[in-house]
Each structure stands twice: as structure tokens, then as C-alpha cells.
Amino acid sequence: MKYLVLFPFLLMSIFLKAQEDQIPFKAQQPPIPVEVMVGTKSGMYQMTINKRFTADSKFKFFNLVNYEVDYEDQTPNKYIVQTIASYEFIKGFDVGAGANLSAFGGFRPVVSTSYTRFTRAMGIIINPVYEIHKDGEFSVLARFEWHPVNDKKIQPYFSVQALTSWKDVHSFSYHNWRAGIQYKIFSFGPAVNFEYVGKNAEGTVNCGGFVNILIH
């Protein structure tokens, strides 16, 4: 069950490979997406960096900052900062090491593998991570983002990000959906976040809107 989150993203990557091959594309550093989501139950900020040390380097740097503010006073805010340095041993596939800093787990070193693919029209990240700690968790983060490439100023925009985290049993999972429009470096539209907590995967839904800015 913990690996099911991988399959939709792998299928998306394979399906879009044909489109990628038909579009002349010069390899470049992916932009940094910064997103703010305001929902009915909580607000969320996220920034994701996935860069090579230099344009042609096999060494990469990944950093995810996610901070969620719950509107209920008795519910603590949630955050995670994940930083990983990695080496691309085959095109698109990396191994790395780094650390997690989270509201509930504190600071923990991690090892990881990852698969990434970026084109002008889409980006995909699949990042399994294992915390090196007696109470450490195994997690898989996956993100897919798409918008068409043509001469129109306003484009449709779609993204989905999912995570599942396990110890001996299920700990925490989510999948966050975005669908809207993109104008230059700005994307905005409706958003919905699904969360599942604990062994029984008790779920909550947070609906709202998002604004995403790409920093080049």
C-alpha cells in the first residue's frame, strides 16, 4: 500500500515522454515554485528548490519548506523542512543524504533516492526518504505539475502533490490538488487538500484557493 503513490506519477511521466521528445528543449535549471494556499480549515505556505550545483553538474540540491497554520487555536501548526544533497548516477535517478526538521519529529538525518524529470510543459518528482533514527519513518513524496506550451498568454495549470509516511503502521499521508490558470510566472485557482492521520487513516478535507509564483 505504501508504494501505491508512485504509480500515477510514473504513468504520467511515461505518457508525456512522447510530447517531450517532439518539443525542442534545452536543459535548464527548474524554477523555484512558491505557493500560498488559503483554505476553510487551514492556510499553507510551500517552497520547493530542486537545482543542480551548476547547469551540467551531476550533484543536486533539494529543499522543501512546508508550513501549515491551523485556524483552530488548540491545534498546533505543522511544518517540515527537508534538505537533501544528491548525486545523479543515471539520468533522472539520484541518491542522496540530508536531514528532516519537522514539528513532531524534530531533527533527523535521512538517506534518499529520487526520480526527476523536467520539461517546459511539465515537472515530476518522486522522492523516497528514510529517516536514520530509532523512531524514524519511511516516506515517499511525489509531485506532478503540468501546463501546455504554446503562444497563448494564459494557459491552464494543473498540479498534484502527495506524500505517504510509515513506521510500523501508517503515520501520515496527504494528496493536494491544484487546477487553475497560469499567466507568465503566476498560477492561481481552486485547491483541495486531503489528509489522513494514524493507523486508521482518519481523513480531513481542506478546500480553498491557491496562488503560485515561479522564481527563476
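Under 7 Å by Cβ, and 6 or more places apart or on different chains, what pairs join a residue from region 185-211 that is among the charged types (D, E, K, R) with one that is assigned to a strand (DSSP E or B) and surrounded by 12 or more Cβ atoms within 10 Å (Cβ to Cβ)? Hits for this filter: Glu195/Tyr174; Glu195/Thr204; Lys199/His170; Glu202/Tyr196. Tyr79 meets the conditions (1) modelled with pLDDT of 95 or more; (2) of a type in the set (Ser, Thr, Tyr); (3) touching an Asp or Glu at 6+ places or on another chain (Cβ under 9 Å) in every case but one. The failed one is (1).
Among residues of region 138-154 being surrounded by 13 or more Cβ atoms within 10 Å (Cβ to Cβ) and of a type in the set (A, V, I, L, M, F, W, C), the one that is nearest to Lys184 (Cα to Cα) is Val149.
Consider region 168-199 and keep the residues that are farther than 18 Å from Thr40 by Cα and in contact with a His (Cβ under 8 Å, 6 or more places away or on another chain). The one that is surrounded by the most Cβ atoms within 10 Å (Cβ to Cβ) is Ser187. Remark: pairs (first residue in region 91-107, without any contact (Cβ under 8 Å) to a residue 12 or more places away in the chain; second residue among the hydrophobic types (A, V, I, L, M, F, W, C) and surrounded by 14 or more Cβ atoms within 10 Å (Cβ to Cβ); Cβ separation under 9 Å; 6+ apart in sequence or on different chains) = Phe107/Ala99; Phe107/Leu101.
Matching residues to (1) touching a strand residue (DSSP E or B) at 6+ places or on another chain (Cβ under 7 Å); (2) among the aromatic types (Phe, Trp, Tyr); (3) farther than 16 Å from Asn66 by Cα; (4) not in a strand (DSSP E or B):
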{"position": "Ala99", "(1), (2), (3), (4)": "yes, no, no, no"}
{"position": "Val110", "(1), (2), (3), (4)": "yes, no, yes, no"}
{"position": "Ile124", "(1), (2), (3), (4)": "yes, no, yes, no"}
{"position": "Ser139", "(1), (2), (3), (4)": "yes, no, no, no"}
{"position": "Ala142", "(1), (2), (3), (4)": "yes, no, no, no"}
{"position": "Pro148", "(1), (2), (3), (4)": "yes, no, yes, yes"}
{"position": "Gln161", "(1), (2), (3), (4)": "yes, no, no, no"}
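The values are calculated or read from the model by the stated rules, or taken from the named source; none is laboratory data. Everything numeric in this text was worked out from a predicted model, so none of it was measured. Ideal geometry is used to build each Cβ from the backbone, glycine not excepted, and the neighbour counts take in all protein chains shown.
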